[in-house]
1. Could you please state how large a percent of the accessible area of region 1-79 is carbon and sulfur, counting protein chains only and using a 1.4 Å probe?
2. Please identify every one of the trypsin sites (Lys or Arg not before Pro) in region 16-56 that sits in a loop by DSSP and has no more than 12 other beta carbons within 10 Å of its own beta carbon.
3. Using only Cα atoms, tell me the angle between helix 7-41 and the longest principal axis of the chain; keep it within 0 to 90° and round to the nearest 10.
4. What pairs in K4/K79; K4/K75; K11/K79 have C-alpha atoms more than 32 Å from each other?
5. For F5 paired with Q23, estimate the spin-label separation in nm (one decimal), with each label point 7 Å from Cα along the Cα-to-Cβ line.
6. Could you size up the charge dipole of region 7-86 around its Cα centre, putting +1 on the beta carbon of Lys and Arg and -1 on that of Asp and Glu, and report it in debye to the nearest 20?
7. Express the accessible area of the chain per residue in Å², computed with a 1.4 Å probe while the remaining protein chains stay in the model.
8. Here are a few candidate values for Rg and Dmax of the Cα atoms in Å: (1) 11.6, 32; (2) 20.1, 59; (3) 20.8, 55. Which one was actually calculated from the structure I just gave you?
Amino acid sequence: MADKFDEATQKELAAFVEREQAQARLNATTQNLTSMCWDKCITGTPSTRFSRSEEGCLAYCVERFLDTSLFMVNKIEGKREQARLSS
């Protein structure tokens with residue numbers, strides 16, 4: 001089916017698919033983060049406001065999750081770069 005499209009259309013479709021996949025990964029990460037931090041930090045029945053400890057826990061949890069994610073991305077990119085240079 002892909003060979004029915006000209007090169008410009010194929011590139012546009014590939015870019016669209018890549019953007020959609022990136023959006024799906026972002027949504028999955030956000031869902032994972034929300035679920036993980038909620039389960040870890042919210043100990044009682046939520047009311048209209050989080051308690052001070054819940055608020056602090058949520059902020060810390062999100063920061064650590066983002067730090068860890070960034071660390072992992074940097075490690076993976078470093079490994080890719082090493083593999084590319086050694087090829």
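1. Details: 3930 of 6740 Å².
Roughly 58 percent of what the probe reaches on region 1-79 is carbon or sulfur.
2. Working: sites: R19, R25, K40, R49, R52; in loops: R49.
Passing sites in region 16-56 are R49.
3. 20 degrees
4. Values: K4/K79 37 Å; K4/K75 39 Å; K11/K79 27 Å.
The pairs that break the limit, which is 32 Å between Cα atoms, are K4/K79; K4/K75.
5. Computed distance between label sites F5 and Q23 equals 1.5 nm.
6. Values: 11 positive and 11 negative charges, 42 e Å.
The dipole magnitude comes to about 200 debye.
7. Working: 7650 Å² over 87 residues.
Value for the chain: 88 Å² per residue.
8. Structure-derived value, by its label: (2).
The values are calculated or read from the model by the stated rules, or taken from the named source; none is laboratory data. For clarity, every value in this text was computed on a predicted model and none was experimentally measured. In this analysis, Cβ positions are derived from the backbone assuming ideal geometry, glycine residues included, and neighbour counts consider all displayed protein chains. Accessible surface is based on the protein model in full, side chains and every heavy atom, while ligands, DNA and RNA are left aside. Shrake-Rupley method; radii C 1.70, N 1.55, O 1.52, S 1.80 Å.
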